[in-house]
Amino acid sequence: MTAVPDQRATAVPSGDAGQAAQEDLRTLFGQSIAVFASLVGPTHVVEAANPAFFAAIGEERARIGVPVAELLPELAGQGFITLLDQVYRTGEAYTGRDARIVLGTGPQAREAFFDFTYEPRRDLDGTVTGIRVIGVEITQVKHAQRLMAEHRAMLEQIARQAPLAEVLDGMARCIENLAPDQVLVSVLLADADGRHLRHGAAPSLPEFYNQAIDGIATGEGVGSCGTAAHRREPVIVTDIAVDPFWADFRELAERAGLAACWSMPILARDGGLLGTFAMYHRTPRVPQDTDLALARVFADTAALAIERHRVEQAKTAAEARAREAHEDLARAVRAERQLRAEAEQRAATAAELADRIRAAAAAQAARPHPEHCQLGGVQGCSASAKIKIADSWGDSAWGCDAHVEEAILNVRSVFIASEELGGLAAYVSR
């Protein structure tokens with residue numbers, strides 16, 4: 001519903017015919033979703049407009065007979081009044097595409113997008129007498145395009161395994177920026193047992209609130225999120241001040257300036273609880289279908305991110321266990337080799353000692369010596385004395401092969417240094 005630039009509109013009849021034509025236009029655009037306004041004179045006085053026009057600019061400003069600059073003063077700095085002046089002066093229509101406009105001021109200001117045409121109105125002489133404004137608001141289309149772009153970006157983040165906290169924080173900020181009304185987003189993550197919810201992301205909520213909510217139990221009546229997690233279904237609280245689910249958290253919510261909370265469970269493909277996705281509002285509010293659709297889209301996206309994160313965590317943990325098991329096996333192999341080497345060394349030492357004992361016995365066999373072993377202790381030993389041994393203190397004794405070997409093994413340190421351990425005499429009298 002736009003005019004082609006550089007083409008003059010057909011002249012409008014004057015008098016009753018002209019009024020009839022204007023009535024026809026009002027009738028044509030009266031109930032249309034297209035924005036229509038008829039402006040007259042060089043100051044662009046609003047002569048007529050349809051409900052869609054006033055709905056776009058705000059119903060509280062629905063009046064005619066005033067210049068556009070007075071009705072919509074915020075347009076002056078955005079170039080739209082200048083364009084009206086240009087069309088009125090030149091008589092050439094102007095068509096704008098994807099035009100961004102900020103309507104209203106302060107907290108009530110909103111961003112909107114329009115496709116529109118400024119079309120000159122002429123009398124029978126061809127003189128421009130006013131301008132028709134015809135347009136279609138495409139704000140929802142633009143927001144949908146931005147939403148899809150942001151959604152694709154988040155999916156790409158998930159695909160490249162960006163940190164979960166980064167994905168969830170970005171998702172929360174995206175929704176807060178795209179939502180037509182002020183909204184504060186929170187994502188809570190379920191513990192492995194599904195009994196508690198932990199902080200995941202909430203970039204616009206006060207820190208004291210996030211700390212207080214971190215670790216809340218899942219259960220019936222535990223706020224919006226605890227109840228949604230327990231029920232595995234959305235929980236819509238439109239007025240926190242009076243809702244029984246918020247009895248234990250009402251004062252906390254009041255301190256944080258929160259008046260409504262819509263929570264949706266984040267579920268895994270097998271139905272398991274992954275967390276909750278919540279949209280808070282500063283004033284009591286009932287969700288629209290678009291709000292719930294937005295929440296579902298991002299709850300599903302959050303589920304994908306959380307599941308992917310858990311898979312990566314499980315993979316990392318499995319790899320760590322495998323490395324630990326391999327290291328344990330390697331340590332066990334090294335220990336076994338060391339023990340084997342020590343056993344072989346002990347065997348070699350024992351064999352060498354046995355050889356020395358046999359050699360000593362053979363050397364001393366021809367020398368005079370007691371008949372029986374002197375190393376048997378108080379129990380005595382009836383075995384033949386074969387070998388004479390001595391320590392560094394000058395003590396000596398004769399013994400059998402077995403007791404000589406035992407004495408060498410047990411009294412050997414005495415030969416080295418320590419008098420406290422006792423010498424051979426102490427061993428003989430043991």
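The values are calculated or read from the model by the stated rules, or taken from the named source; none is laboratory data. These numbers were taken from a predicted model, which means no experiment stands behind them. FYI the Cβ positions are ideal-geometry reconstructions off the backbone, even for glycines, and counts take in every protein chain you see. Accessible surface areas use protein heavy atoms only, side chains included; no ligands, DNA or RNA. Shrake-Rupley method; radii C 1.70, N 1.55, O 1.52, S 1.80 Å.
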More than 20 Å from the chain's Cα centre (by Cα) and either among the aliphatic types (A, V, I, L, M) or assigned to a strand (DSSP E or B) (or both), is that true of Leu189? no
Within the range 80-115, residues at pLDDT 90 or above, open to solvent by 20 Å² or more (accessible area, probe 1.4 Å) and part of a loop (DSSP other than H, G, I, E, B) come out as Glu92
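If you scan the range 160-181, which residues turn out to be in a loop (DSSP other than H, G, I, E, B) and open to solvent by 30 Å² or more (accessible area, probe 1.4 Å)?
Step one: of the range 160-181, the residues in a loop (DSSP other than H, G, I, E, B) are 160-163, 179-181.
Those that are in a loop (DSSP other than H, G, I, E, B) and open to solvent by 30 Å² or more (accessible area, probe 1.4 Å): Arg160, Gln161, Pro163, Pro180, Asp181.
Within the range 134-159, count every residue that is outside any helix (DSSP H, G or I) and touching a helix residue (DSSP H, G or I) at 6+ places or on another chain (Cβ under 7 Å). Even if it seems obvious, please write down each step before you answer.
To start, the set of residues in the range 134-159 that are outside any helix (DSSP H, G or I) comprises 134-138.
Of the ones still in play, those that are also touching a helix residue (DSSP H, G or I) at 6+ places or on another chain (Cβ under 7 Å) are 137.
Qualifying residue count for the region: 1.
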Please determine whether any residue of the range 240-262 is of a type in the set (Asp, Glu), in contact with a helix residue (DSSP H, G or I) (Cβ under 9 Å, 6 or more places away or on another chain) and at pLDDT 90 or above. yes
Cross-chain or 6+ apart pairs with Cβ under 8 Å, the range 72-101 first and of a type in the set (A, V, I, L, M), then in a loop (DSSP other than H, G, I, E, B) and modelled with pLDDT of 90 or more: Ile81/His44; Leu84/His44; Val87/Ala93
For the range 38-48, does any single residue satisfy the condition of being part of a strand (DSSP E or B), touching a Ser or Thr at 6+ places or on another chain (Cβ under 6 Å) and either at pLDDT below 90 or open to solvent by 50 Å² or more (accessible area, probe 1.4 Å) (or both)? yes
Can you tell me how many residues in the range 322-346 are over 47 Å from the mean Cα position of the chain (by Cα) and open to solvent by 100 Å² or more (accessible area, probe 1.4 Å)? 7
The residue that is surrounded by the fewest Cβ atoms within 10 Å (Cβ to Cβ), considering only those in the range 134-159 that are among the hydrophobic types (A, V, I, L, M, F, W, C) and touching a Phe, Trp or Tyr at 6+ places or on another chain (Cβ under 6 Å), is Ile138
Taking the condition of being touching a residue at least 40 places away in the same chain (Cβ under 8 Å) and open to solvent by less than 70 Å² (accessible area, probe 1.4 Å), how many residues in the range 182-202 meet it? 11
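Going by what's in this entry, would Ala201 be described as closer than 25 Å to Val141 by Cα and either at pLDDT 90 or above or not β-branched (Val, Ile, Thr) (or both)? Full working, then the answer.
Values: closer than 25 Å to Val141 by Cα: no; either at pLDDT 90 or above or not β-branched (Val, Ile, Thr) (or both): yes.
It is false that Ala201 is closer than 25 Å to Val141 by Cα and either at pLDDT 90 or above or not β-branched (Val, Ile, Thr) (or both).
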Return a yes/no flag: does the range 117-134 have any residue that is under 44 Å from the mean Cα position of the chain (by Cα) and either among the polar types (S, T, N, Q) or within 30 Å of Thr290 (Cα to Cα) (or both). no
Here is a list of conditions, (1) touching a strand residue (DSSP E or B) at 6+ places or on another chain (Cβ under 7 Å); (2) open to solvent by 20 Å² or more (accessible area, probe 1.4 Å), and Thr127 meets all of them except one; can you say which number that is? (1)
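Taking the range 282-321 only, how many residues are outside any helix (DSSP H, G or I) and at pLDDT below 85? Write out each step before concluding.
Restricting attention to the range 282-321, the residues satisfying the condition of being outside any helix (DSSP H, G or I) are 282-288.
Applying the additional criterion that residues be at pLDDT below 85 yields 287-288.
Counting residues in the range 282-321 that are outside any helix (DSSP H, G or I) and at pLDDT below 85 gives 2.
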What is the residue count in the range 90-110 for residues that are touching a Pro at 6+ places or on another chain (Cβ under 9 Å) and not basic (Lys, Arg)? 7
Identify, by number, the condition in (1) small (Gly, Ala, Ser); (2) at pLDDT below 50; (3) surrounded by 13 or more Cβ atoms within 10 Å (Cβ to Cβ) that Ala17 doesn't meet. (3)
Among the residues of the range 322-369, which ones are aliphatic (A, V, I, L, M), at pLDDT 85 or above and within 26 Å of His403 (Cβ to Cβ)? Ala343, Ala347, Ala348
